[in-house]
1. Once phi is turned into θ = phi - 60°, what whole-Hz ³J(HN,Hα) does the Karplus curve with 6.51, -1.76 and 1.60 give for every residue of region 46-53, x standing for Gly and Pro?
2. For the chain, compute the orientation-averaged projected area of the C-alpha convex hull (one quarter of its surface), in nm².
3. Near the amide H of residue 26, under 5 Å away, which other amide H atoms are found, from residues 5 or more places off or on another chain, if H is placed in the peptide plane?
4. Under 8 Å for C-alpha pairs, at least 6 residues apart: give me the relative contact order for the chain, rounded to a whole percent.
5. Please compute the per residue accessible area over the chain with all protein chains in place, 1.4 Å probe, rounded to a whole number of Å².
6. With θ taken as phi - 60° and the coefficients 6.51, -1.76 and 1.60, list the Karplus ³J(HN,Hα) couplings across region 24-36 in order, rounded to whole Hz; mark glycine and proline as x.
7. Which parts of region 39-55 would a label at residue 1 reach, counting a residue when its backbone N lies under 13 Å from a point 7 Å out along Cα-to-Cβ?
8. Roll a 1.4 angstrom probe over the protein heavy atoms and tell me the percent of accessible area of the chain that is carbon or sulfur.
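The values are calculated or read from the model by the stated rules, or taken from the named source; none is laboratory data. Note that the structure is a prediction, hence the values are computed from the model and not measured. Counting neighbours? That spans all protein chains shown, and the Cβs are built from the backbone with ideal geometry, glycine included. Accessible surface areas use protein heavy atoms only, side chains included; no ligands, DNA or RNA. Shrake-Rupley method; radii C 1.70, N 1.55, O 1.52, S 1.80 Å.
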Amino acid sequence: MTPAKAAEIAGCHLNSIYAALLSGELKGYQRRAPRGRWRIFPEDLTRWIRGEAPA
């Protein structure tokens, strides 16, 4: 899913999602790093919302 959709589901600001992705707190991937679009798996977002460590 996109960071915008993740922010909507998590109930937080989009900048919070990007900060978590860049710090490694939230697991995500970019198709064309370092400037590609971020994608987040739903199960990784669920872990982040629960406060669990990234898998």
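1. Values per residue, Gly and Pro as x: 4, 4, 5, 4, 6, x, 7, 5 Hz.
2. Projected over every direction and averaged, the Cα hull of the chain covers 3.4 nm².
3. Amide H neighbours of residue 26: 21.
4. 34
5. Values: 4010 Å² over 55 residues.
Result: 73 Å² of accessible area for each residue.
6. Each residue of region 24-36 in turn: x, 5, 10, 7, x, 9, 10, 5, 10, 5, x, 10, x Hz.
7. Within reach of a label on residue 1, which here means backbone N under 13 Å from a point 7 Å along Cα→Cβ, region 39-55 contributes 39-50.
8. Ligands and nucleic acids excluded, carbon and sulfur reach 51 percent.
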